[in-house]
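The values are calculated or read from the model by the stated rules, or taken from the named source; none is laboratory data. No experiment lies behind these values; they were computed from the predicted model shown. We place every Cβ from the backbone using ideal geometry, glycine too, and count neighbours over all the protein chains shown. With ligands, DNA and RNA removed, areas are computed over all heavy atoms of the protein, side chains included. Shrake-Rupley method; radii C 1.70, N 1.55, O 1.52, S 1.80 Å.
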Amino acid sequence: MAPHHAHITVLPLDLLIYIIDRVPEPADRKSIRLVSRAFHRAECLQRRDLNVIRREALGMLIRCYGAIESLDLSACAGLDDACLSTALGGGAAPGLRKVNLSRASGVRWSGLAAMVRGCPRIESVDLSHCVGVGDREVAVLAMLAGLKELRLDKCLGVSDVGLAKVAVGCPGLEKLRIKWCLEISDLGIKLLANKCQNLKFLDISYLLVTNKSLHSISTLGRLEVLKMVGCYYITDDGLNYLKNEKNCNTLLSVDVSRCHNVSAFGLVSIIEGHKSLRKLKASDCYVDLPLNCLSKLGMLTNGFHTLKVDGSEVSEPRLKIIGANCKGLTKIGLGKCKGVTDENISELVSNCADLKTIDLTCCHDVTDDSLIAIANSCKKLESLLLESCSLITDEGLVYIGTCCPNLQEVDLTDCDLDDSALESLSRCSELMKLKLGLCPSITDDGLDYIAKCEKLQELDLYRCTGIGDDGLAALAYGCKKIRKLNLCYCTRISDQGMKYVSCLPELKDLELRGLTQVTSLGIVAIAFGCKNLTELDLKRCSAVDDLGFLGLARYAINLRQINISYCNISEQVLIRLLWNLRCLQDVKLVHLTHVRKEGFMLALRSCLDKLKKLKLPTILKDAISPALIQILQDKGCRIRWVDKPIPFYMKDSPPSSPDP
């Protein structure tokens with residue numbers, strides 16, 4: 001060991017752990033553990049969270065970090081029963097409390113059984129979007145007597161039988177999500193409510209349940225959050241059951257959005273029965289909100305702070321009543337509401353000075369007067385959503401930029417603003433998320449202003465055709481923390497702009513759809529410079545050829561999602577690309593005219609074990625081997641077939657076959 005590192009070895013282990021605890025950034029932690037073996041040993045003992053993206057490293061990492069309490073495998077491509085059993089079945093992580101297996105489509109009952117045997121102290125499991133998970137898999141989890149949280153969203157094979165197993169085996173369950181589990185009925189909900197009296201959080205969104213389920217749920221004396229979005233068969237009578245005295249003081253949040261058979265009378269039942277309610281979401285339910293219904297909101301005196309009524313009729317007296325009865329509101333959702341005008345927005349915000357989030361999406365009559373009223377009243381504003389509010393101008397945004405120093409999120413999509421608006425927003429030093437799509441008047445000068453927002457993490461410039469390479473240079477210099485960037489159809493951008501983008505070290509999600517001036521040189525620069533890139537959209541980037549895709553295959557090793565539809569890639573390079581991207585899980589391959597059906601089959605065989613989502617044109621449905629399709633589906637890959645015609649300019653394009 002070098003002499004200047006020798007002093008580290010004499011530090012006690014507890015002191016090294018103390019040092020690591022004071023380093024919050026993952027990149028800095030990585031640098032520390034590379035300093036010496038002493039720091040590495042200390043982190044092995046100190047680390048409690050682990051996120052694994054490569055299955056071949058899972059076993060080694062579990063053995064190394066045996067003290068972990070939380071394990072995230074949602075991005076681990078190709079995870080299957082054998083891998084999970086080997087890593088966790090031997091008890092290498094006895095203290096494991098939380099496991100995230102979301103979208104781990106290859107995991108079935110045998111892998112889960114090994115995990116349960118090796119880690120019996122698990123309290124939280126996430127199996128959401130594991131479409132192959134059914135009653136047998138859920139029955140295995142029922143062996144975890146200490147299970148407190150379970151997520152089964154879109155586990156389509158789970159029925160009342162599996163839910164009954166969980167209810168009987170895990171009586172201490174506190175949080176359960178069964179959204180889109182369409183095989184679950186009123187019977188399963190009844191047994192759940194009988195056995196799991198400690199439930200605090202329940203999501204039954206989009207289930208085909210009726211009022212009988214709400215009658216059962218009303219007996220849960222500790223329930224705090226109830227979500228039932230899109231439960232078509234639930235009516236006002238069902239909501240009336242929730243007035244049960246047993247949970248009248250516990251329920252804090254209710255979401256009945258898209259429950260089309262629920263009327264304002266049902267909403268009144270919830271308000272009258274739960275005076276401790278803090279969040280009420282009823283979007284896309286009501287054409288009209290009666291005044292007597294809104295006046296009941298004044299009964300919610302114990303910290304009511306969130307109201308979403310998107311898609312309703314809210315004329316001036318209605319917003320005035322909301323403001324008068326809900327002075328503690330911090331979030332209001334009025335997206336696509338009819339009757340929203342400057343006058344009633346002024347009435348609302350004058351009474352609700354604590355508002356932090358205001359959603360006025362598609363409120364087409366809103367003008368600068370509303371922005372001035374918001375700026376003058378809502379000094380704590382953090383999120384302002386104004387998509388398609390085409391009457392606002394930079395004059396209103398001047399007030400927002402000056403009076404709302406805590407603003408973190410702004411959506412100005414389709415507002416047709418120019419650079420002056422961005423000059424106003426540049427005063428918001430806390431800005432982290434900005435959407436400017438469909439604003440063609442914005443130019444590079446506007447991005448110069450935005451470059452002053454050093455905390456910016458997400459920027460949407462979809463179809464901002466006025467920006468070019470110089471604007472990206474300003475962003476790359478001033479906004480080093482950008483993680484998500486949408487440049488789709490910004491047709492003035494060229495390879496030089498890609499070189500600037502490649503200087504964004506934290507970039508993870510990049511959309512370049514329709515950039516016809518970007519060639520393989522620009523894509524290679526992105527692949528080499530953006531080491532953290534996980535999602536890339538190159539659809540209709542017609543100037544990118546095999547050289548660019550080879551660059552991605554070599555350098556973009558962390559890519560999980562890629563769209564190369566309508567691109568000029570040969571079948572040899574397609575095979576290499578899908579083979580080399582070891583973390584790849586989601587790929588879109590529509591109309592690759594240089595690839596034969598045999599090439600598609602070879603390419604898909606090269607990534608059988610890792611794909612979770614695949615998009616292909618319907619013209620290949622009969623060309624690809626049914627056996628191959630079945631293998632993909634058996635491994636948990638969801639295939640989407642799209643019926644779109646081949647563009648005329650691609651029909652006669654000559655095939656390319658360079659030596660890869």
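In this structure residue 448 has an accessible area near 70 Å², from a 1.4 Å probe over the protein heavy atoms. Per atom type, the chain shows carbon and sulfur on 51% of its accessible surface, probed at 1.4 Å.
Mean separation of Cα pairs under 8 Å and 6 or more residues apart, divided by the residue count, gives the stretch 525-612 a relative contact order of 29 percent. For a test of the definition: using alpha carbon positions, the gyration tensor, and the 1.5 limit on a/c, classify the stretch 1-141 as rounded, prolate or oblate. Because a/c hits 1.5 or more and a/b exceeds b/c, the stretch 1-141 counts as prolate.
Electrostatic tally near residue 485: other residues with Cβ closer than 9 Å to its Cβ, Lys and Arg +1, Asp and Glu -1, net -2.
Under a 5 Å amide H cut-off, with hydrogens placed 1.01 Å from N, residue 313 pairs with 288, 289, 338 among residues at least 5 apart or on other chains. Near residue 159, the amide H atoms lying under 5 Å from its own belong to 135; only residues 5 or more places off or on other chains count, and H is placed 1.01 Å from N. Residues in the stretch 127-135 carry Karplus couplings, in order, of 10, 4, 6, 8, 5, x, 6, x, 4 Hz; the curve used is 6.51 cos²θ - 1.76 cosθ + 1.60 with θ = phi - 60°, and Gly or Pro positions show x. Among the lysines of the stretch 182-279, pairs that are 8 or more positions apart or on different chains and have alpha carbons within less than 24 Å of each other number 28. Residue 22 contributes about 140 Å² of solvent-accessible surface, heavy atoms of the protein only, 1.4 Å probe. For the stretch 587-642, the alpha carbon convex hull comes to 68 Å³ per residue, rounded to a whole number.
Taking every alpha-carbon pair within the stretch 540-648, the share separated by more than 16 Å comes to 55 percent.
Reducing the stretch 106-124 and the stretch 219-241 to their Cα centroids gives an inter-centroid distance of 32 Å. For the stretch 55-74 and the stretch 455-484, what is the separation of their C-alpha centers, rounded to whole Å? For the stretch 55-74 versus the stretch 455-484, the Cα centre distance is 36 Å.
Simple rule: put +1 on each Lys or Arg Cβ and -1 on each Asp or Glu Cβ in the chain, find the dipole, and look at 251, 374, 364; the Cα lying farthest toward the positive end is 251. With a ≥ b ≥ c the root eigenvalues of the C-alpha gyration tensor of the stretch 116-170, is it rounded (a/c under 1.5), prolate (a/b larger than b/c) or oblate? Judged from the Cα gyration tensor, the stretch 116-170 comes out prolate (a/c at least 1.5, a/b above b/c).
Along the charge dipole of the stretch 103-217, which of 168, 155, 144 sits closest to the positive end, that is, farthest toward it, with unit charges on the beta carbon of Lys, Arg, Asp and Glu (+1, +1, -1, -1)? Comparing the listed Cα positions along the dipole, 144 ranks first. The residue list 527, 585, 607 was ranked by how far each Cα lies along the charge dipole of the stretch 516-660 toward its positive end, using unit charges on Cβ atoms, and 585 comes out on top. For trypsin sites (Lys or Arg not before Pro), the sites in the stretch 120-229 that DSSP calls loop and that have at most 15 other Cβ atoms within 10 Å are 121, 222. With a Cα-only, solvent-free Debye model of the stretch 56-97, what are the log10 I(q)/I(0) values at q = 0.13, 0.19, 0.22, 0.23 Å⁻¹? After summing over all Cα pairs, the log10 values are -0.23, -0.51, -0.69, -0.76. Helical runs (DSSP H, four residues minimum) scored at -39500 (n - 2.57) apiece and divided by the length of the chain put the mean residue ellipticity at 222 nm at -9500 deg cm²/dmol.
Based on C-alpha pairs under 8 angstrom that are at least 6 apart in sequence, the chain has a relative contact order of 5 percent.
Give, as a single signed number, the net charge of other residues whose beta carbon lies under 12 Å from the beta carbon of residue 264, with Lys and Arg counted +1 and Asp and Glu -1. Around residue 264, the surrounding residues sum to -1. The listed residues 60, 143 rank as 143, 60 when sorted by accessible area, largest first, using a 1.4 Å probe.
Here the stretch 255-322 is assigned +1 on the Cβ of each Lys and Arg and -1 on the Cβ of each Asp and Glu. Its dipole about the Cα centre then comes out at about 280 debye. Placing unit charges on the Cβ atoms only, positive for Lys and Arg and negative for Asp and Glu, gives the chain a dipole magnitude near 2880 debye about its Cα centre. Taking a ≥ b ≥ c as the square roots of the eigenvalues of the alpha-carbon gyration tensor, the chain is classed rounded because a/c is under 1.5.
Close amide H pairs (under 5 Å, H built 1.01 Å from N) link residue 638 with 613, 614, residues at least 5 positions away or on another chain. Among 25, 395, 313, the order of accessible area from largest down is 395, 25, 313, computed with a 1.4 Å probe on protein heavy atoms.
Taken over the stretch 189-280, the alpha-carbon convex hull comes to 71 cubic angstrom per residue. Across all Cα atoms of the stretch 94-136, the radius of gyration (one decimal) and Dmax (whole number) stand at 10.2, 28 Å.
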